[in-house]
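In what follows, a single structure is set out as structure tokens and then discussed.
Values quoted throughout were computed directly from the atomic coordinates according to the rules given, and no laboratory measurement underlies them. All figures in this text were calculated on a predicted structure; none of them were measured in a lab. Don't worry about glycine lacking a Cβ; one is built from the backbone with ideal geometry, like all the others, and counts go over all protein chains shown.
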Amino acid sequence: MKAILTTAATLVVLSGAAFAESHAAMGDAEAGEKEFRKCKACHAIVDDEGEAIVRGGKTGPNLYNIVGSQAGSDPEFNRYSDTIVELGEEGLVWTPEELAAYIPNAREYLQEKSGDSSVRSAMTPQRLDNVDDMVAYLVSVSPDYDPEEEMEDSDS
């Protein structure tokens, strides 16, 4: 019985580590950092102490710690669409998978999520070499993101 419990506990620990690694393996954060140059006209990445990781525009929200955050909830940004705020209030969290779906075409993503084909987005469709690299980079600048917490939430 002790061997079964030990094996089961080991599998649980390893599955959590594998889940976290799957997000890290999603793309190449270094390549994503270079890809982010296409985004910095509208977005900056500024940490909690005010240090700029990437200097950029303020047309879009700061993307520091975006992964794992509620959509439309950055208190420093006041130009979110009603749709993205509503989706966030309904529980939309920027997971790596949601960002990978959103980044290439925000308008289509928001239309699908909201069920409203008239929804528009200020974010223009992005032509990225690899969206997974971009997501991996955003994960790398999201120190509060805990993929294990995401896994626990999806089990509920």
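Please give the peptides 45-57, 134-146 ranked by average Cβ packing (other Cβ atoms within 10 Å per residue), highest first, as a rough proxy for protection.
Details: 45-57: 13.0, 134-146: 20.8.
Highest to lowest by the protection proxy: 134-146, 45-57.
Subtracting the Cα-Cα distance from 0.36 nm times the residue separation, let me have the gained length for N130 to F77 in nm, one decimal. Walk me through the numbers before you get to the answer.
Values: separation 53, 0.36 × 53 = 19.08 nm, distance 2.69 nm.
Result for the pair: 16.4 nm of gain on full extension.
Expressed as a rounded percentage, what relative contact order does region 91-147 have, with Cα pairs under 8 Å and six or more residues apart? Let's see the in-between values first.
Numbers: 41 pairs, mean separation 19.0, N = 57.
Once divided by the residue count of region 91-147, the mean separation gives 33 percent.
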Between the modelled labels at I53 and Q70 (7 Å from Cα along Cα→Cβ) the distance in nm is 2.2
